[in-house]
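Working notes, structure below.
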Amino acid sequence: MKIFLIGFMGSGKTHWGPQLSAKVGLPFFDLDKVITEKENKTISEIFAENGEEYFRYLEKEVLEELVEENKEFIISCGGGTPCFFNNIKFMKRKGTVIWLNTQIDILVNRLLKDKYSRPVLKDIADEELKPYILKKVLSRKLYYEQADIIVNEESLSVDTFAEIIINA
Ligand code: S3P
(Lines give C-alpha, C1' and ligand atoms only; values in the text may rest on other atoms or scores of the structure.)
Protein backbone atom coordinates (compact mmCIF):
# COMPACT_ATOMS: atom_id res chain seq x y z
CA MET A 1 0.00 0.00 0.00
CA LYS A 2 1.31 3.45 -0.94
CA ILE A 3 -0.43 6.34 0.76
CA PHE A 4 0.29 10.04 0.20
CA LEU A 5 -1.18 12.53 2.68
CA ILE A 6 -1.59 15.97 1.16
CA GLY A 7 -3.12 19.21 2.41
CA PHE A 8 -2.34 22.78 3.33
CA MET A 9 0.17 23.66 6.05
CA GLY A 10 -1.41 22.96 9.42
CA SER A 11 -3.94 20.51 7.97
CA GLY A 12 -2.68 17.68 10.21
CA LYS A 13 -0.51 15.60 7.85
CA THR A 14 2.36 15.30 10.31
CA HIS A 15 -0.05 14.73 13.19
CA TRP A 16 -1.97 11.88 11.56
CA GLY A 17 0.83 10.20 9.59
CA PRO A 18 2.69 8.55 12.50
CA GLN A 19 -0.54 7.51 14.25
CA LEU A 20 -1.85 5.88 11.09
CA SER A 21 1.47 4.22 10.46
CA ALA A 22 1.38 2.65 13.95
CA LYS A 23 -2.23 1.58 13.48
CA VAL A 24 -1.98 -0.03 10.03
CA GLY A 25 1.68 -1.09 10.19
CA LEU A 26 3.01 0.84 7.20
CA PRO A 27 6.38 2.63 7.31
CA PHE A 28 6.00 6.38 7.71
CA PHE A 29 7.98 9.16 6.06
CA ASP A 30 7.63 12.89 6.55
CA LEU A 31 8.83 14.40 3.28
CA ASP A 32 10.05 17.67 4.87
CA LYS A 33 11.95 15.69 7.51
CA VAL A 34 13.67 13.50 4.91
CA ILE A 35 14.64 16.66 3.00
CA THR A 36 16.11 18.31 6.11
CA GLU A 37 18.07 15.16 6.96
CA LYS A 38 19.40 14.88 3.43
CA GLU A 39 20.46 18.53 3.26
CA ASN A 40 21.41 18.82 6.90
CA LYS A 41 19.51 22.12 7.02
CA THR A 42 16.07 23.21 8.20
CA ILE A 43 13.42 23.98 5.57
CA SER A 44 13.76 27.67 6.51
CA GLU A 45 17.52 27.52 5.92
CA ILE A 46 17.05 25.85 2.53
CA PHE A 47 14.58 28.57 1.46
CA ALA A 48 16.83 31.35 2.78
CA GLU A 49 20.13 30.02 1.40
CA ASN A 50 19.06 28.31 -1.82
CA GLY A 51 15.63 29.73 -2.64
CA GLU A 52 12.21 28.17 -3.17
CA GLU A 53 12.97 26.88 -6.66
CA TYR A 54 15.85 24.77 -5.33
CA PHE A 55 13.59 23.48 -2.55
CA ARG A 56 10.90 22.47 -5.05
CA TYR A 57 13.39 20.47 -7.15
CA LEU A 58 14.67 18.80 -4.01
CA GLU A 59 11.14 18.05 -2.86
CA LYS A 60 10.33 16.37 -6.18
CA GLU A 61 13.59 14.40 -6.16
CA VAL A 62 13.19 13.16 -2.59
CA LEU A 63 9.54 12.23 -3.22
CA GLU A 64 10.54 10.15 -6.24
CA GLU A 65 13.40 8.50 -4.33
CA LEU A 66 11.15 7.53 -1.43
CA VAL A 67 8.63 5.99 -3.82
CA GLU A 68 11.34 4.12 -5.70
CA GLU A 69 13.05 2.78 -2.60
CA ASN A 70 10.01 1.67 -0.61
CA LYS A 71 7.33 -0.85 -1.49
CA GLU A 72 4.83 0.34 1.09
CA PHE A 73 4.49 3.58 2.99
CA ILE A 74 2.54 6.50 4.29
CA ILE A 75 4.19 9.75 3.19
CA SER A 76 3.18 13.10 4.70
CA CYS A 77 3.88 15.61 1.94
CA GLY A 78 4.60 19.31 2.34
CA GLY A 79 1.69 21.67 1.72
CA GLY A 80 3.06 22.64 -1.68
CA THR A 81 4.18 19.19 -2.86
CA PRO A 82 1.15 18.38 -5.06
CA CYS A 83 1.21 21.86 -6.62
CA PHE A 84 4.60 21.74 -8.36
CA PHE A 85 5.80 19.90 -11.46
CA ASN A 86 3.63 16.87 -12.11
CA ASN A 87 3.88 15.64 -8.50
CA ILE A 88 0.14 15.12 -8.08
CA LYS A 89 -0.07 12.97 -11.22
CA PHE A 90 3.04 11.05 -10.17
CA MET A 91 1.58 10.31 -6.72
CA LYS A 92 -1.79 9.26 -8.15
CA ARG A 93 -0.06 6.92 -10.56
CA LYS A 94 2.02 5.34 -7.82
CA GLY A 95 -0.55 5.03 -5.04
CA THR A 96 -3.49 6.58 -3.23
CA VAL A 97 -3.55 10.29 -2.51
CA ILE A 98 -5.57 11.50 0.48
CA TRP A 99 -6.35 15.20 0.96
CA LEU A 100 -6.80 16.39 4.52
CA ASN A 101 -9.37 19.07 3.87
CA THR A 102 -9.21 21.06 7.09
CA GLN A 103 -11.41 24.11 7.78
CA ILE A 104 -9.77 27.48 7.16
CA ASP A 105 -10.34 28.75 10.72
CA ILE A 106 -8.61 25.69 12.14
CA LEU A 107 -5.68 26.19 9.74
CA VAL A 108 -5.43 29.85 10.75
CA ASN A 109 -5.46 29.06 14.49
CA ARG A 110 -2.81 26.40 14.15
CA LEU A 111 -0.60 28.48 11.85
CA LEU A 112 -0.83 31.60 14.03
CA LYS A 113 0.97 29.55 16.68
CA ASP A 114 3.39 27.94 14.31
CA LYS A 115 4.13 30.23 11.38
CA TYR A 116 7.82 30.85 12.10
CA SER A 117 8.94 27.36 11.09
CA ARG A 118 7.29 27.93 7.70
CA PRO A 119 9.25 30.17 5.33
CA VAL A 120 6.17 30.77 3.19
CA LEU A 121 4.34 32.31 6.18
CA LYS A 122 6.93 33.73 8.54
CA ASP A 123 6.86 37.29 7.12
CA ILE A 124 3.08 37.62 7.07
CA ALA A 125 1.56 39.72 9.84
CA ASP A 126 -0.91 37.88 12.10
CA GLU A 127 -3.87 39.94 10.89
CA GLU A 128 -2.95 39.18 7.27
CA LEU A 129 -2.67 35.46 7.85
CA LYS A 130 -6.31 34.52 7.30
CA PRO A 131 -6.72 36.38 3.97
CA TYR A 132 -3.36 35.02 2.84
CA ILE A 133 -4.33 31.43 3.70
CA LEU A 134 -7.74 31.82 2.04
CA LYS A 135 -6.10 33.01 -1.17
CA LYS A 136 -3.38 30.39 -1.12
CA VAL A 137 -5.75 27.50 -0.39
CA LEU A 138 -7.98 28.68 -3.23
CA SER A 139 -5.06 28.72 -5.66
CA ARG A 140 -3.93 25.26 -4.54
CA LYS A 141 -7.36 23.68 -4.44
CA LEU A 142 -7.22 22.53 -8.05
CA TYR A 143 -4.31 20.29 -7.09
CA TYR A 144 -5.64 19.13 -3.74
CA GLU A 145 -8.99 18.26 -5.31
CA GLN A 146 -7.33 15.73 -7.59
CA ALA A 147 -6.78 13.47 -4.55
CA ASP A 148 -8.31 10.00 -4.73
CA ILE A 149 -9.89 10.44 -1.30
CA ILE A 150 -10.90 13.63 0.50
CA VAL A 151 -11.30 13.58 4.27
CA ASN A 152 -12.62 16.21 6.64
CA GLU A 153 -10.06 16.29 9.36
CA GLU A 154 -12.30 17.60 12.13
CA SER A 155 -14.52 14.54 12.25
CA LEU A 156 -11.72 11.97 12.13
CA SER A 157 -10.54 9.39 14.62
CA VAL A 158 -7.48 7.18 14.14
CA ASP A 159 -9.77 4.17 13.72
CA THR A 160 -11.95 5.73 11.02
CA PHE A 161 -8.89 7.10 9.23
CA ALA A 162 -7.17 3.70 9.41
CA GLU A 163 -10.28 2.08 7.93
CA ILE A 164 -10.22 4.57 5.04
CA ILE A 165 -6.61 3.58 4.35
CA ILE A 166 -7.23 -0.16 4.60
CA ASN A 167 -10.13 0.13 2.16
CA ALA A 168 -8.23 2.39 -0.25
C1 S3P B 1 5.19 24.45 2.29
C2 S3P B 1 4.79 23.64 3.33
C3 S3P B 1 5.73 23.07 4.31
C4 S3P B 1 7.13 22.94 3.70
C5 S3P B 1 7.57 24.23 3.11
C6 S3P B 1 6.63 24.76 2.05
C7 S3P B 1 4.16 25.01 1.38
O8 S3P B 1 5.26 21.81 4.74
O9 S3P B 1 7.17 21.93 2.73
O10 S3P B 1 7.68 25.14 4.18
O11 S3P B 1 4.53 25.58 0.33
O12 S3P B 1 2.96 24.87 1.68
P13 S3P B 1 4.03 21.60 5.81
O14 S3P B 1 2.77 21.58 5.02
O15 S3P B 1 4.33 20.27 6.41
O16 S3P B 1 4.10 22.72 6.77
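The values are calculated or read from the model by the stated rules, or taken from the named source; none is laboratory data. None of these values were measured; they are calculated from a predicted model. Every residue, glycine among them, receives a Cβ derived from its backbone with ideal geometry; neighbour counts consider all protein chains shown. We work out accessible area using only protein heavy atoms, side chains counted, and drop any ligands, DNA or RNA first. Shrake-Rupley method; radii C 1.70, N 1.55, O 1.52, S 1.80 Å.
The table below gives the values:
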{"quantity": "Hey, residue 145 under 19 Å from the mean Cα position of the chain (by Cα), exposed (fewer than 14 other Cβ atoms within 10 Å of the Cβ) and not hydroxyl-bearing (Ser, Thr, Tyr) or not", "calculated": "yes"}
{"quantity": "Selection from the range 37-55 of residues that are near the ligand (Cβ under 10 Å from one of its atoms) and among the hydroxyl-bearing types (Ser, Thr, Tyr)", "calculated": "42, 44"}
{"quantity": "Lone qualifier among 96, 81 - being touching a Phe, Trp or Tyr at 6+ places or on another chain (Cβ under 9 Å), more than 12 Å from the ligand (Cβ to nearest atom) and open to solvent by less than 80 Å² (accessible area, probe 1.4 Å)", "calculated": "96"}
{"quantity": "Qualifying strands (runs of 3 or more DSSP E) (wholly inside the range 1-96; at least 1 residues being of a type in the set (A, V, I, L, M))", "calculated": "2-6, 73-76"}
{"quantity": "Filter pass, residue 131 being without any contact (Cβ under 8 Å) to a residue 24 or more places away in the chain and part of a helix (DSSP H, G or I)", "calculated": "yes"}
{"quantity": "Residues satisfying the stated conditions in the range 38-74, i.e. in contact with a Pro (Cβ under 8 Å, 6 or more places away or on another chain), surrounded by fewer than 16 Cβ atoms within 10 Å (Cβ to Cβ) and farther than 16 Å from residue 117 by Cα", "calculated": "70, 72"}
{"quantity": "Some residue of the range 129-136 being over 22 Å from residue 29 (Cβ atoms), surrounded by fewer than 19 Cβ atoms within 10 Å (Cβ to Cβ) and β-branched (Val, Ile, Thr)", "calculated": "no"}
{"quantity": "Boolean, residue 102 is open to solvent by 30 Å² or more (accessible area, probe 1.4 Å) and closer than 20 Å to residue 120 by Cβ", "calculated": "no"}
{"quantity": "Number of the condition not met by residue 15 [criteria: (1) within 11 Å of the ligand (Cβ to nearest atom); (2) surrounded by fewer than 20 Cβ atoms within 10 Å (Cβ to Cβ); (3) over 15 Å from the mean Cα position of the chain (by Cα)]", "calculated": "(3)"}
